[in-house]
Amino acid sequence: MARLRDTVAMSSGRAVLLGNEAIARGAIEAGVAVATAYPGTPSTEIVESLAEVARDLGIYVEWSVNEKVAFETALAAAMCGCRALTAMKHVGLNVAADPLMSSAYTGVEEGFVIVTADDPSMWSSQNEQDNRIYGLHAYIPVFEPGTPKEAKELTRYVFEFSSRMKHPAILRSTTRISHTRVVIDLGPIPRPVCRGSFPKDPKRFVLVPAHARELRLELLKRWERIREEVEYCPFNCVEGDGRLLIIAAGISYAYAREALDMLNAWSRARLLKLSSVVPIPRKTVLKALSDAEKVLIIEELEPVVEMQVKSIVAEEGLRIEVHGKDLVGYPYEMTMERALRAIARFLEVDYSLPQPVAEEPPKDMVFPRPPQLCPGCPYRPLYYALRRVVDRLNAERGQEHEPVFCGDIGCYTLGLNPPFRLHDTCIEMGGSIGLANGFARFERNRIPIAIIGDSTFFHAGIPPLINAVYNRNPMLVIVLDNRITAMTGHQPNPSTGVTAMGEETKTLRPEDIARAIGVEAVYVVDPTNIAETEKVLREAIDYVEKSRAPAVVVSRRLCSLVAVRRIRRAGLEVPKYVVDPEKCRGCGVCYNKFACPAIRPRDPPNDMRAVIDPELCVGCGVCEQVCPFHAIAPQNPELVEKTRGFWR
Ligand SMILES: Cc1ncc(C[n+]2csc(CCOP(=O)(O)OP(=O)(O)O)c2C)c(N)n1
């Protein structure tokens with residue numbers, strides 16, 4: 001199995017690549033010079049893989065601070081005549097929606113491809129919005145690969161399209177396309193144009209109302225040209241010659257094709273595959289409709305193609321039955337079964353799915369377990385300390401005063417679960433501090449405690465913190481600074497000190513930013529010092545309540561996965577901790593309240609004394625502090641000293 005970086009020296013041949021790497025390869029073969037992104041599943045590997053080959057190819061790749069900045073950086077490159085790509089998950093395009101809408105007015109000088117990786121079924125997202133609608137909204141054409149294999153060629157085509165039209169273009173992928181490995185045919189790699197010249201033209205690039213009004217008319221004209229041009233998109237095609245027309249968009253095409261095979265229905269049906277989904281190719285669709293008895297549109301999520309087909313049918317006064325969402329349904333990913341069921345109903349045929357062969361469950365089967373914070377995760381001690389501080393406060397003045405925990409998106413969202421229960425809200429990136437501004441004013445008894453990761457803080461946490469200072473909204477903000485964007489696979493961020501291309505850079509500190517914007521109470525703690533962390537948290541909560549102003553606690557300790565990797569790379573082992581069975585009383589604090597997954601009761605329910613799994617223990621050593629009976633100690637104290645520095 002190859003990775004994109006194994007293919008940079010190849011201009012022909014084949015390689016097995018991830019769908020996202022296929023998109024990256026397509027961009028390279030199109031001569032991309034600039035790629036920017038903010039990570040987010042399922043889009044991350046596009047720019048991650050480009051970052052790995054950037055130096056070899058002489059191109060520029062960056063992890064931007066958020067999707068809006070990623071979009072703007074790439075847009076400016078395309079305005080200078082350099083081919084540019086920006087990639088993001090579907091919700092990322094909401095963050096970049098402002099420049100997206102305006103970029104259609106200015107257009108670009110060279111190919112500008114916006115990759116949105118949507119997540120039907122929400123495998124790793126807070127919603128399943130269909131970003132093809134952004135294309136309709138912004139007058140930006142949208143293309144969708146029908147198979148992961150097609151993703152590479154389509155990417156190249158979309159660059160050419162955007163370049164020809166001097167207009168941004170959206171490539172929409174989905175989790176199935178992005179995360180499937182396929183055989184890709186490799187093509188030649190051109191030399192990218194990495195520096196250009198910005199054609200100064202205020203009438204085009206300065207969107208004051210007088211200019212924007214003119215540009216709006218030009219945009220509509222350009223849209224007409226785009227509508228013409230998509231007629232020639234070679235990725236749209238018709239198969240079969242029956243009179244029952246099925247139009248399938250994106251990955252739904254692959255399912256529809258297979259369903260027709262299974263139903264043995266090609267003599268009755270014709271399949272129109274659309275890869276140019278916004279706008280759809282009107283003439284091509286009209287031609288397919290002209291001798292069809294009825295039509296079924298199969299697409300995931302919203303009826304984007306269906307609405308366009310219906311409007312063509314209405315405008316042309318065609319008398320044809322149009323089906324789509326009525327047979328396919330709205331939510332979640334397309335599946336083989338869903339496509340099959342819809343097509344069978346449409347064709348009015350019976351079908352039965354082959355029965356899956358019942359398999360014996362393997363004997364050593366692991367039962368499903370809820371996701372949890374890793375052993376050694378620096379968030380666990382912080383959450384443990386915060387829960388204890390809050391429980392003491394609750395005991396003093398009643399549960400109804402327990403703070404509102406305004407959570408955010410990252411590994412730390414797992415603080416939602418018992419035993420910590422420290423997330424009451426989680427809406428979108430930056431929403432923790434944002435919502436805290438509202439709770440600070442409108443919740444009668446409770447102060448808000450916003451909990452936010454470092455990457456999320458830099459992404460969208462700073463403006464709402466400025467708002468809190470400016471409007472004097474009392475809240476405690478806890479920045480969980482593990483110096484990496486852990487959730488999406490350890491991409492560096494401004495707290496890391498390294499760029500996407502591996503260059504050393506300045507390390508930004510959330511506490512410096514908090515002080516600079518006027519937060520008067522700013523604390524920094526190492527959360528593995530539990531006593532100190534509890535003291536600081538209590539002090540900060542008291543400050544917020546008394547002074548009715550925001551306070552910030554930065555809880556800094558490196559992600560344990562990164563620390564362990566560094567220790568091993570240095571040729572050292574991580575220290576292991578052990579429980580002294582003579583001292584342990586089986587109180588369960590370490591496995592129930594601290595909830596380290598490396599610790600469990602010895603032989604429940606007979607022997608509840610703790611035991612530490614040496615395979616899982618990474619030697620963070622916090623359990624030593626947590627144990628009320630001093631029953632836990634390192635096996636090799638020297639190793640603890642030797643590895644201490646790796647956790648910073
Ligand atoms: C607008 C948007 N972009 C990207 C994502 C994907 N995403 C979820 S959390 C996260 C960052 C988490 O990093 P950090 O705040 O440092 O927390 P950690 O995972 O390290 O605990 C990202 C990129 C998202 N949910 N929304």
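The values are calculated or read from the model by the stated rules, or taken from the named source; none is laboratory data. Since the structure is predicted, the reported quantities are computational estimates derived from the model, not experimental observations. Cβ atoms come from the backbone with ideal geometry, glycine included; neighbour counts cover every protein chain shown.
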Out of (1) modelled with pLDDT of 95 or more; (2) farther than 25 Å from residue 131 by Cα; (3) out of contact with any Asp or Glu (no Cβ under 7 Å at 6 or more places or on another chain), the odd one out for residue 4 is which?
(3)
Identify, from the list 525, 498, 477, the residue that is in contact with a Ser or Thr (Cβ under 7 Å, 6 or more places away or on another chain) and within 16 Å of the ligand (Cβ to nearest atom).
498
Subset of region 450-467 [away from the ligand (no atom under 12 Å from the Cβ) and either of a type in the set (Gly, Ala, Ser) or not assigned by TED's automatic domain parsing to the domain that holds residue 405 (or both)]:
450
Working only within region 527-542, note down all residues that are in contact with a strand residue (DSSP E or B) (Cβ under 9 Å, 6 or more places away or on another chain) and within 17 Å of residue 451 (Cβ to Cβ).
527, 533, 536, 537, 540, 541
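Criterion first (touching a helix residue (DSSP H, G or I) at 6+ places or on another chain (Cβ under 7 Å) and within 16 Å of the ligand (Cβ to nearest atom)) does residue 554 satisfy it? It would help to see each step written out before you state the result.
On the way: touching a helix residue (DSSP H, G or I) at 6+ places or on another chain (Cβ under 7 Å): yes; within 16 Å of the ligand (Cβ to nearest atom): yes.
Taking the combined requirement at face value, the residue satisfies it.
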Options 143, 161; residue that is under 22 Å from residue 75 (Cα atoms), aromatic (Phe, Trp, Tyr), assigned by TED's automatic domain parsing to the domain that holds residue 77 and within 22 Å of the chain's Cα centre (by Cα)
143
Please go through region 590-632 and give me each residue that is of a type outside the set (D, E, K, R) and either more than 17 Å from residue 375 (Cβ to Cβ) or in the same structural domain as residue 534 (by TED's automatic domain parsing) (or both), ordered by number.
604, 605, 606, 608, 628, 629, 630, 631
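Does residue 204 satisfy being more than 30 Å from residue 286 (Cβ to Cβ) and not assigned by TED's automatic domain parsing to the domain that holds residue 287? Show your work before the answer.
Numbers: more than 30 Å from residue 286 (Cβ to Cβ): yes; not assigned by TED's automatic domain parsing to the domain that holds residue 287: yes.
Yes: the conditions hold for residue 204.
Hey, any hits in region 109-120 for a residue that's within 15 Å of the ligand (Cβ to nearest atom) and over 28 Å from residue 189 (Cβ atoms)? Break it down into steps so the answer makes sense when it comes.
As a first pass, look at region 109-120 and keep what is within 15 Å of the ligand (Cβ to nearest atom): 114-119.
Those still in the list that are over 28 Å from residue 189 (Cβ atoms) too: 118-119.
Among the residues of region 109-120, at least one is within 15 Å of the ligand (Cβ to nearest atom) and over 28 Å from residue 189 (Cβ atoms), which makes the answer yes.
Which of the residues spanning region 77-101 are more than 16 Å from the ligand (Cβ to nearest atom) and farther than 23 Å from residue 60 by Cβ? Working first, answer last.
Start the filter on region 77-101 by keeping residues that are more than 16 Å from the ligand (Cβ to nearest atom), which leaves 77-85, 101.
Answer for region 77-101, where residues must be more than 16 Å from the ligand (Cβ to nearest atom) and farther than 23 Å from residue 60 by Cβ: just 101.
A quick yes/no check of all residues on (1) crowded, with 24+ Cβ neighbours inside 10 Å; (2) in contact with a Cys (Cβ under 8 Å, 6 or more places away or on another chain):
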position	(1), (2)
427	no, no
444	no, no
447	no, no
451	yes, yes
462	no, no
465	yes, no
469	no, no
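Output yes when any residue across region 190-197 is of a type in the set (Gly, Ala, Ser), at pLDDT 95 or above and touching a Gly at 6+ places or on another chain (Cβ under 7 Å), and no when none is. Talk me through it step by step, then tell me what you get.
Restricting attention to region 190-197, the residues satisfying the condition of being of a type in the set (Gly, Ala, Ser) are 196-197.
Retained after the next criterion (residues that are at pLDDT 95 or above): 196-197.
Checking the rest, the ones that are also touching a Gly at 6+ places or on another chain (Cβ under 7 Å) come to 196-197.
Scanning region 190-197, I find at least one residue that is of a type in the set (Gly, Ala, Ser), at pLDDT 95 or above and touching a Gly at 6+ places or on another chain (Cβ under 7 Å), so the answer is yes.
This table checks each residue for (1) crowded, with 19+ Cβ neighbours inside 10 Å; (2) assigned by TED's automatic domain parsing to the domain that holds residue 532; (3) within 16 Å of the ligand (Cβ to nearest atom).
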residue	(1), (2), (3)
358	no, no, no
363	no, no, no
373	yes, no, yes
397	no, yes, no
415	yes, yes, yes
419	no, yes, no
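For region 471-490, enumerate the residues that are out of contact with any Gly (no Cβ under 9 Å at 6 or more places or on another chain) and in a loop (DSSP other than H, G, I, E, B). Quick ask: steps written out before the conclusion?
Quick first cut of region 471-490, residues out of contact with any Gly (no Cβ under 9 Å at 6 or more places or on another chain) only: 471-472, 474-476, 478, 484, 489-490.
471, 472, 474, 475, 484, 489, 490 - these are the residues of region 471-490 that are out of contact with any Gly (no Cβ under 9 Å at 6 or more places or on another chain) and in a loop (DSSP other than H, G, I, E, B).
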For residues that are over 21 Å from residue 222 (Cα atoms), surrounded by fewer than 21 Cβ atoms within 10 Å (Cβ to Cβ) and not small (Gly, Ala, Ser), tally how many sit in region 90-129.
6
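Do we have any residue at all in region 133-148 that's under 30 Å from residue 371 (Cβ atoms) and either in contact with a strand residue (DSSP E or B) (Cβ under 7 Å, 6 or more places away or on another chain) or within 16 Å of the ligand (Cβ to nearest atom) (or both)? Quick ask: steps written out before the conclusion?
Step one: of region 133-148, the residues under 30 Å from residue 371 (Cβ atoms) are 148.
Of the ones still in play, those that are also either in contact with a strand residue (DSSP E or B) (Cβ under 7 Å, 6 or more places away or on another chain) or within 16 Å of the ligand (Cβ to nearest atom) (or both) are 148.
Yes, some residue in region 133-148 is under 30 Å from residue 371 (Cβ atoms) and either in contact with a strand residue (DSSP E or B) (Cβ under 7 Å, 6 or more places away or on another chain) or within 16 Å of the ligand (Cβ to nearest atom) (or both).
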Go through (1) farther than 30 Å from residue 210 by Cα; (2) in contact with a Pro (Cβ under 9 Å, 6 or more places away or on another chain) for residue 107 and report which single condition fails.
(1)
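With the requirement that a residue be of a type outside the set (Ser, Thr, Tyr) and under 20 Å from the mean Cα position of the chain (by Cα), what does region 35-53 give you? Spell out how you get there, then give the answer.
Filtering region 35-53 for residues of a type outside the set (Ser, Thr, Tyr) gives 35, 37, 39-40, 42, 45-48, 50-53.
Residues satisfying the conditions are 35, 37, 39, 40, 42, 45, 46, 47, 48, 50, 51, 52.
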Which residue pairs have Cβ atoms closer than 6 Å, lie 6 or more positions apart in sequence or on different chains, and pair a first residue in region 470-493 that is touching a residue at least 12 places away in the same chain (Cβ under 8 Å) with a second residue that is near the ligand (Cβ under 9 Å from one of its atoms) and of a type in the set (A, V, I, L, M)?
479/452; 490/484
